[in-house]
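> Sharing a structure here in structure tokens format.
The values are calculated or read from the model by the stated rules, or taken from the named source; none is laboratory data. Since the model is a prediction, treat every value here as computed from it, not as a measurement. Quick reminder, even Gly has a Cβ in these numbers, built from the backbone with ideal geometry, and neighbours come from all protein chains shown. The accessibility values were calculated without ligands, DNA or RNA, using every heavy atom of the protein model including side chains. Shrake-Rupley method; radii C 1.70, N 1.55, O 1.52, S 1.80 Å.
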Amino acid sequence: MTFYDHIQKYKWDNITNEIYSKTTEDVRMALDKPKRDLEDFKALLSPSAEKFIEDMAQEAKQLTIERFGNVIQLYIPLYLSNYCNNACIYCGFSNRNKIERKILSLEEIEQEIKVIKRLGYKHILLVSGEAPNKSNADYYRKVINFIKKDFSQIALEVQPLDTYEYAMLKDEKLDYVCIYQETYNEKNYATYHIAGKKRDFRYRLETPDRIGEAGIHKIGIGALLGLEDWRTDAFFTAVHLKYLEKKYWKTRYSISLPRLRPVVGGYKPNSPVSDKNLVQLICAYRLLDKDVEISLSTRESSEFRDNVFPLGITSMSAGSSTEPGGYANTSARLEQFEINDCRTPEEFVVSLKSRGYEAVWKDWDVWM
């Protein structure tokens, strides 16, 4: 059985109604529990919980400090290619957008790595558009083999792969794979993914199962906030997390919280997520699961990130570029979406330290 089979017992509309019907008393009961379940999580996501955000924030901060300490793990994305065979209406890399396309050679990657190493990073996230005819598992294998001497953790955020391909990349030192479902609403999923293999809802949904079967050390999941009702998508993300934690119990897990940003094509979110909404969601995830890692990228503003990271965030990027070759060639204009927090890593670290937190450039080597 895969997660696709598991979620058949959950109906999108029913879950939405249940979340919105939660009362103030339901929220109080959830907050009074030392350990919460998915039913409590519905209450913490509900509109009724908005008046309890301060209480949620205080506990979320304490739980995060107890489990992770006063530290933030830093990582940086390296965009390898913006070629993409998919037509996703919310993405700047969509094959319907008339933009310049590029895939980095090993020589160009070497120039990018030189800049990234000077910034101090030891954790790197390799990102690519989904174009297997250009960037496939063999290409990623060559890239990982080329850069693995320079990084203590290598992560991948690319098209879904098969189990044997993940196993092959693990042998090369791949530590961590991020795969986002975008939305768990199967009925509406195809309206956002109008062409390409990404239209296959089930194949994408079952990707974390294949990653887990391959024995990858860490898996990242999440929904793209703004496509569908954020509360319902967040609930299904939590269901996915709990399923994975039980089935692949040796694996570490991370949740990302990407809000839609301006892109080529000008897509506007169907269900905008306010700052208050996102704070509630961060706290709700931490109250549900004290062990899950939570990532917040440079999609968010510097002010927002500085204010919310103590409430549950464990990893953040800084000085990011979302375009292939964007570190060595700062004049390139091939970005996937607009960055919001444009601070340098040095400026970001100063801000962390001013709030009593330390930046972790290197966590630990997986072989240990």
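> Report, largest value first, the span of the C-alpha coordinates of region 44-99 along each principal axis, in whole Å.
Answer, in whole Å and largest first: 47, 31, 13 Å.
> Computed FRET efficiency, Cβ-Cβ of residue 133 and residue 62, R0 41 Å: what is it to the nearest 0.05? Spell out each step's value before the answer.
On the way: r = 50 Å, r/R0 = 1.21.
With a Förster radius of 41 Å, E is 0.25.
> Assuming R0 = 25 Å, what is the FRET efficiency of residue 141 and residue 213, from their Cβ-Cβ distance, to the nearest 0.05? Don't skip to the answer; put the middle values down first.
Details: r = 18 Å, r/R0 = 0.74.
So the FRET efficiency works out to roughly 0.85.
> Now for a different question. Using a 1.4 angstrom probe on the protein heavy atoms only, could you order 84, 342 from most to least accessible area?
Details: 84 20, 342 105 Å².
My answer, sorted largest first, is 342, 84.
> For residue 29 and residue 249, what is the calculated FRET efficiency with R₀ set at 25 Å and r taken between the beta-carbons, to the nearest 0.05? Write out the running numbers ahead of the final one.
On the way: r = 28 Å, r/R0 = 1.13.
That pair, residue 29 with residue 249, gives E of 0.30.
> Along each of its three principal axes, how wide is the spread of alpha-carbon positions in region 269-351, in whole angstrom units, largest first?
Answer, in whole Å and largest first: 42, 35, 22 Å.
> Which value in nm describes the separation of the simple spin-label points at residue 194 and residue 97, placed 7 Å from the Cα toward the beta carbon?
Inter-label distance under the simple model: 1.5 nm.
> Normalise the Debye intensity by I(0) for region 171-267, one equal point scatterer per Cα, no solvent, then take log10 at q = 0.13 Å⁻¹ and round to two decimals.
The Cα Debye sum returns log10 ratios of -0.48.
> Can you tell me the accessible area per residue over region 1-52, all protein chains present, probe 1.4 angstrom, in square angstrom?
Numbers: 2880 Å² over 52 residues.
Ligands and nucleic acids excluded, the result is 55 Å² per residue.
> Round to a whole number: what % of the accessible area of the chain belongs to carbon and sulfur, probe 1.4 Å? Walk me through the intermediate numbers first.
Values: 7510 of 15240 Å².
That share works out to 49 percent.
> Could you work out how far apart the two model spin labels at residue 106 and residue 9 are, taking each label as a point 7 Å from the Cα in the direction of the beta carbon, and quote it in nm?
5.0
> Then there is this: Can you give the log10 of the normalised intensity I(q)/I(0) at q = 0.22 Å⁻¹, computed with Debye over equal Cα scatterers of region 173-219?
Relative scattering, expressed as log10 I(q)/I(0), comes to -0.77.
> Given Cα pairs under 8 Å that are at least 6 residues apart, what percent is the relative contact order of region 25-163? Don't skip to the end; give the middle numbers.
Details: 134 pairs, mean separation 30.6, N = 139.
Reported relative contact order: 22 percent.
> Then there is this: Here are some values of Rg and Dmax of the Cα atoms in Å: [x] 24.9, 79; [y] 21.5, 80; [z] 19.5, 60. Which one was computed from this structure?
It is the value labelled [z].
> Please give me, ordered by residue number, the GluC sites (Glu not before Pro) of region 87-172 that lie in loop per DSSP and have at most 15 other Cβ atoms within 10 Å. Could the numbers behind the result be given before it?
Working: sites: 100, 107, 108, 110, 112, 130, 157, 165, 172; in loops: 100, 130, 172.
Those that pass, being in a loop and sparsely packed, are 100, 172.
> So what is Rg over Rh here for region 83-149, counting just Cα atoms and using Kirkwood for Rh? Spell out each step's value before the answer.
Numbers: Rg = 13.6 Å, Rh = 13.4 Å.
Ratio of gyration radius to Kirkwood radius: 1.01.
> Quick check: pseudo-label points 7 Å beyond the Cα along Cα→Cβ at residue 362 and residue 290, how many nm apart are they?
With each label point 7 Å from Cα toward Cβ, the separation is 3.1 nm.
> For the chain, what does the relative contact order come out to in percent, with C-alpha contacts under 8 Å and a separation of six or more?
Details: 682 pairs, mean separation 91.3, N = 368.
About 25 percent, as a whole number.
> Please give the per residue accessible area of region 118-183, computed with a probe of 1.4 Å over protein heavy atoms only, in Å².
Working: 2340 Å² over 66 residues.
I get 35 Å² per residue for this part.
> Given the options 89, 216, 15, which has the most mean-square fluctuation in a GNM of the chain, springs set between C-alpha atoms less than 10 angstrom apart?
Result: 15 has the largest fluctuation of those listed.
> Now a separate question. For region 1-129, what's the radius of gyration and Dmax over Cα atoms, in angstrom?
Taking only Cα atoms of region 1-129, I get Rg and Dmax of 22.1, 60 Å.
> What net charge do the residues around residue 120 carry, taking every other residue with its C-beta under 11 Å from that of residue 120, with Lys and Arg at +1 and Asp and Glu at -1? Intermediate values should be presented prior to the final figure.
Details: positive: 117, 118, 122, 362; negative: 346.
Neighbourhood net charge equals +3.
> As an exercise, find the ratio Rg/Rh for region 239-300 from alpha-carbon atoms, using the Kirkwood inverse-distance average for Rh. If you can, show how the numbers build up before the last one.
On the way: Rg = 14.3 Å, Rh = 13.6 Å.
Looking at region 239-300, the ratio lands at 1.05.
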